[in-house]
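Structure record follows, encoded as structure tokens.
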Amino acid sequence: MLLAAIVSIGAYSDYSYTATAKINADGTASVIEKTIIYFENKDERTAFETKMNLGKSTIVDWNGFSDKIKFHFRGLITEQRITAKKEFTIGTNYGAIIIEYNAGTPIMQMEKTGSRKFVYTLNQKSLLFDQTQTGDMVLGNGMLLIFEMPKDATIDKVAPEPDSIDNNRITWNGPVARKWELIYERELPLSEEVGQFFSETYQEIADSLPLALVLGFSVLLVFVLAKFGKNK
């Protein structure tokens with residue numbers, strides 16, 4: 001009961017928060033959210049270690065330690081995994097809760113603009129960070145947001161001004177509040193387009209195969225009946 005009370009009053013201090021979204025070719029993303037908290041006293045550290053040793057692995061198990069422990073990306077959540085560990089590289093009074101998952105709602109809306117060219121535009125509605133009354137997204141103090149785009153992406157527009165762009169890895173450090181914007185382009189290699197064409201063609205044939213069998217059987221049946229009637 002004492003440990004539950006400590007967690008419920010939210011006495012823990014947030015040390016840092018990092019969200020990394022690795023964007024897939026279809027605009028969806030694989031997400032890792034890591035929250036590091038600071039233990040103010042021995043009781044807080046014990047409460048964390050108790051849950052960690054019990055292997056607690058749901059949002060409900062851990063969101064009492066920080067209001068940042070939640071899904072910040074919208075959509076059907078799949079391949080979810082939540083782990084906790086001590087952050088000894090920082091100090092003995094630090095612990096980390098790590099949430100890994102795939103978000104079902106595309107972060108980037110994809111539009112085909114050519115035979116092999118696609119334009120991706122950030123879907124801000126897919127982000128569940130705090131917002132101002134005017135609809136600007138808020139990245140708080142001590143919060144880090146990272147987008148990892150495909151290596152062949154060409155960036156057209158990004159806002160707010162990122163703290164760094166390194167090999168299509170964009171990083172923003174809070175605090176910042178404004179409308180998030182990101183537009184980039186991709187052009188599929190010719191080999192990938194050819195492969196996609198054959199894949200789609202094969203799927204179309206596979207989907208229509210039952211109908212083709214029925215039609216073939218019907219033609220054969222008509223032929224047999226016609227021949228039987230003629231011989232009769």
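Coordinate-derived values only; no laboratory data. Being a predicted model, the structure only gives us computed values, none of them experimental. Positions of Cβ are generated from backbone atoms using ideal geometry, with glycine treated the same way; all protein chains shown enter the neighbour counts.
Put simply, when 63-69, 37-43 are sorted by average Cβ atoms within 10 angstrom per residue, most first, you get 63-69, 37-43.
Treat the count of other C-beta atoms within 10 Å as a stand-in for reagent exposure and order SER115, SER126, SER57 from fewest to most.
Numbers: SER115 9, SER126 21, SER57 13.
Fewest-to-most Cβ neighbours within 10 Å comes out as SER115, SER57, SER126.
Backbone N atoms of region 21-39 closer than 14 Å to the 7 Å Cα→Cβ label point of THR105 belong to residues 28-29.
If R0 is taken as 22 Å, the Cβ-Cβ distance between LEU128 and ALA25 corresponds to a FRET efficiency of 0.45. Remark: region 151-167, residue by residue, has Karplus-estimated 3J(HN,Hα) of 5, 8, 6, 10, 6, 9, 7, 8, 7, x, 4, x, 6, 6, 10, 9, 6 Hz, where x stands for each Gly or Pro and the curve is 6.51 cos²θ - 1.76 cosθ + 1.60 at θ = phi - 60°.
Listed by chain and number, the lysines whose C-alpha is less than 27 Å from the C-alpha of LYS112, apart from same-chain residues fewer than 8 away, are LYS22, LYS125, LYS151, LYS157, LYS179.
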